[in-house]
Amino acid sequence: MKPEELEQVRPRLAAFAAEMLGGLARADQRAKGELYLRGLMLDGKRKSMQPMAERLGVDHQQLQQFVTSSTWDYVDVRHRIARWADAFIAPEAYVIDDTGFPKDGVDSPGVARMYCGALGKTGNCQVGVSVHAVTDWASAAIDWRLFLPQSWDDTTVTDPDAAAEIRGRRSRSKVPDDLRHKEKWRLALDMLDEITGNDAAGEWGLPDRPVVADAGYGDATEFRLGLTERGLSYVLAVKATTTAFPADALPQTLPYTPGVGRRPVPRYRDQPANLKTLIMTAGRKAGRMVTWRHGSRKTPGNPTAALRSRFLALRVRPANRDIPKADDGSLPECWLLAEWPPGEPEPTDYWLSTLPADTRLRDLVRLAKIRWRIEHDYRELKDGLGLDHFEGRSWIGWHRHVTLAALAQAFCTQLRYDPKAPAPA
């Protein structure tokens, strides 16, 4: 925003910040929190401490002290954002995703050579995993975890010198000792536990909702099982090479000859097929054209900007030795959804879903495609609100910065919904 635009909405921002930062114990902390939000929202290419302070006309140490050394709980602020999103957005799903933060040095917490989507290649970066409360018209980033690679976990190495070097980096970045390397999908489950209260540590108590994620999470059988154990349905992208049995495939028990070996147990006698084979066998004609939403790019040939493609949905039983079987040897049944666009020789995308068996195809497709909101989230958070501009080297500083960036985005969502609403009294 330009300074004059921000000044016009500042009363609303002050009221919103007071609500979201109300858990901060001291008035000066709440004032600095609002100041930081204004810095994130003002126009400018860089949203690190010094450029923001210059635009705000304050000493950058005020911002730095608030984010890196002041005593306030960023988890409480996230909780408030999540409750706001639950009421204001009325989300339909929780979307899991992650994003890269390119870095030049090696001292920022969690930095390592990893694939970075922002770079489009492997490079020096941090990776943040996030949970978003999403519906078609809006979304909010409500929880975050910074991914710690094995190179930041001294318990994963046996060389004493390497372990000592890792401990030194952890100490300088103030990484809590109990936080170790975890796969991204495990971090996602931890956040869902926190959000929905599905374990003793969960305090937010938000409603259970379907979970949506890309194949980086959907291909992890343990992640899918973890969601099911928590009673959370899902629509997860998976690779075409994932294997499954048709829903009508049944395990068989071979005849038993008394006294000869062990008694046979029921099992599937045929080999599972990959998802591409199952869809190709069903054939293109088994699909239907579905419009999942209307975009903004209208053309003479598409005056409503309908986003439309052909989709097929089959009932299948994913096959993996880690998936528990029922007493009769059968594997659990779920949806296989595939997109097969007109003109394409084969399907382009696949999803597995545990939504109920009577779910309409249109609803399956709409949830599978709802991740587009997250692409919008990251674009706005990074390009407009400085999500990836934090230059500090402390663990808590990173988490506070991304929390405040998410808070700034929540306020922007409120402004878009009603640009002329007056500030609360």
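The values are calculated or read from the model by the stated rules, or taken from the named source; none is laboratory data. Source: prediction; values computed, not measured. Note that we place each Cβ from the backbone using ideal geometry, even for glycine, and neighbour counts take in every protein chain shown. All accessible areas refer to the heavy atoms of the entire protein, side chains included, with ligands and DNA or RNA removed. Shrake-Rupley method; radii C 1.70, N 1.55, O 1.52, S 1.80 Å.
Computed quantities for the displayed model
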read-out: Selection within region 175-234 - of a type in the set (Ser, Thr, Tyr) and modelled with pLDDT of 95 or more; value: Tyr217, Thr221, Thr228, Ser233, Tyr234
read-out: Spans of helices (runs of 4 or more DSSP H) in region 146-246 with at least 2 residues closer than 23 Å to Ile323 by Cβ; value: 184-196, 215-218, 221-229
read-out: Filter result (closer than 23 Å to Thr196 by Cβ and small (Gly, Ala, Ser)) within region 92-107; value: Ala93
read-out: Odd one out for Leu35 among (1) within 22 Å of Ala421 (Cα to Cα); (2) exposed (fewer than 13 other Cβ atoms within 10 Å of the Cβ); (3) at pLDDT 90 or above; value: (2)
read-out: Subset of region 326-361 [on the phi > 0 side of the Ramachandran plot and either without any contact (Cβ under 8 Å) to a residue 24 or more places away in the chain or crowded, with 18+ Cβ neighbours inside 10 Å (or both)]; value: Gly343
read-out: Unmet criterion (only one of (1) modelled with pLDDT of 95 or more; (2) open to solvent by 50 Å² or more (accessible area, probe 1.4 Å); (3) of a type in the set (Val, Ile, Thr)) for Ile81; value: (2)
read-out: Tally, over region 84-136, of residues that are in contact with a helix residue (DSSP H, G or I) (Cβ under 9 Å, 6 or more places away or on another chain), closer than 19 Å to Asp383 by Cβ and crowded, with 17+ Cβ neighbours inside 10 Å; value: 9
read-out: Any hit, region 310-325, residues being surrounded by fewer than 20 Cβ atoms within 10 Å (Cβ to Cβ) and farther than 30 Å from Pro264 by Cα; value: yes
read-out: Matching entry among Asp59, Asp76 (being open to solvent by less than 50 Å² (accessible area, probe 1.4 Å), farther than 23 Å from Asp383 by Cα, free of Cβ contacts under 8 Å to residues at least 60 places away in the same chain and among the charged types (D, E, K, R)); value: Asp76
read-out: Which numbered condition Arg366 misses (of (1) closer than 29 Å to Asp136 by Cβ; (2) in contact with a strand residue (DSSP E or B) (Cβ under 8 Å, 6 or more places away or on another chain); (3) open to solvent by 80 Å² or more (accessible area, probe 1.4 Å)); value: (3)
read-out: Extreme residue, nearest to the chain's Cα centre (by Cα), among residues of region 254-301 that are polar (S, T, N, Q) and open to solvent by less than 80 Å² (accessible area, probe 1.4 Å); value: Thr291
read-out: Of residues in region 399-416 being more than 17 Å from the chain's Cα centre (by Cα) and more than 14 Å from Phe66 (Cβ to Cβ), the one most open to solvent (accessible area, probe 1.4 Å); value: Arg416
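For every residue, the table says whether it meets (1) out of contact with any His (no Cβ under 9 Å at 6 or more places or on another chain); (2) over 16 Å from Ala133 (Cα atoms).
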position: Tyr378; (1), (2): yes, no
position: Leu381; (1), (2): yes, no
position: Gly386; (1), (2): no, yes
position: Glu391; (1), (2): yes, yes
position: Gly397; (1), (2): yes, yes
position: Cys412; (1), (2): yes, no
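Listed here are the residues, each with its yes/no results for (1) hydrophobic (A, V, I, L, M, F, W, C); (2) modelled with pLDDT under 90.
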| residue | (1), (2) |
| --- | --- |
| Glu4 | no, no |
| Leu13 | yes, no |
| Ser69 | no, yes |
| Tyr74 | no, no |
